[in-house]
1. Residues that are among the aromatic types (Phe, Trp, Tyr) and open to solvent by less than 90 Å² (accessible area, probe 1.4 Å): does segment 62-84 have at least one?
2. Taking segment 1-20, which residues are in a loop (DSSP other than H, G, I, E, B) and closer than 15 Å to Asn60 by Cβ?
3. Please tell me if Val102 is open to solvent by less than 50 Å² (accessible area, probe 1.4 Å), in a helix (DSSP H, G or I) and out of contact with any Pro (no Cβ under 7 Å at 6 or more places or on another chain).
4. Being among the β-branched types (Val, Ile, Thr) and touching a residue at least 12 places away in the same chain (Cβ under 8 Å) is the filter here; which residues of segment 39-51 pass it?
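The values are calculated or read from the model by the stated rules, or taken from the named source; none is laboratory data. This is a predicted model, so every value here is computed, not measured. All Cβ positions, even for glycine, are placed from backbone atoms using ideal geometry, and neighbour counts span all protein chains on display. Surface accessibility is based on the protein's heavy atoms, side chains included, excluding ligands, DNA and RNA. Shrake-Rupley method; radii C 1.70, N 1.55, O 1.52, S 1.80 Å.
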Amino acid sequence: DGTALYIAVVVSFLFEIYGFELSLAQYAIILFTATLAAVGTAAVPSASLVLMAIVIGAVNNTIPSFAPDKDPLPLHAIGIILGVDRLLDMCRTCVNVWGDSVGAKIITRLAPDD
């Protein structure tokens with residue numbers, strides 16, 4: 001799913017911009033929560049921005065144990081990617097809707113409703 005990949009890359013990018021050195025466990029949290037969040041994503045413009053807040057929140061919960069001297073990543077950091085998000089969102093939405101359509105067609109061929 002393009003949305004899961006996009007969210008994982010952008011959240012990792014935002015943490016890098018703010019000077020966080022993420023551990024392997026934190027990257028696993030990013031991948032896991034991005035995948036779970038993207039499963040239920042509707043084809044709504046900029047829905048991934050809300051999902052990014054969920055993933056950032058999940059990683060921020062681990063900051064005290066991995067980097068006790070750092071403050072969590074502020075949610076307003078998402079504003080850094082707002083300029084390109086809309087264009088990328090249109091591309092991801094098209095690909096995701098097409099993929100869902102192909103999946104539905106395959107299931108219809110395998111198990112027809114006749």
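1. The answer is no, given that none of the residues of segment 62-84 is among the aromatic types (Phe, Trp, Tyr) and open to solvent by less than 90 Å² (accessible area, probe 1.4 Å).
2. Tyr18, Gly19, Phe20
3. no
4. Hits for segment 39-51 are Val39, Thr41.
One line per residue, one yes/no per condition, for (1) touching a residue at least 40 places away in the same chain (Cβ under 8 Å); (2) of a type in the set (Val, Ile, Thr):
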| position | (1), (2) |
| --- | --- |
| Phe13 | yes, no |
| Glu16 | no, no |
| Gln26 | yes, no |
| Ala37 | no, no |
| Gly57 | no, no |
| Phe66 | yes, no |
| Ile80 | yes, yes |
| Asn96 | yes, no |
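Quick grid of which residues meet (1) modelled with pLDDT of 90 or more; (2) within 14 Å of the chain's Cα centre (by Cα); (3) within 22 Å of Arg86 (Cα to Cα); (4) surrounded by fewer than 18 Cβ atoms within 10 Å (Cβ to Cβ):
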residue: Tyr18; (1), (2), (3), (4): yes, no, no, yes
residue: Ser23; (1), (2), (3), (4): yes, no, no, yes
residue: Ala37; (1), (2), (3), (4): no, yes, yes, no
residue: Thr41; (1), (2), (3), (4): no, yes, yes, no
residue: Ile54; (1), (2), (3), (4): yes, yes, yes, yes
residue: Val59; (1), (2), (3), (4): yes, yes, no, no
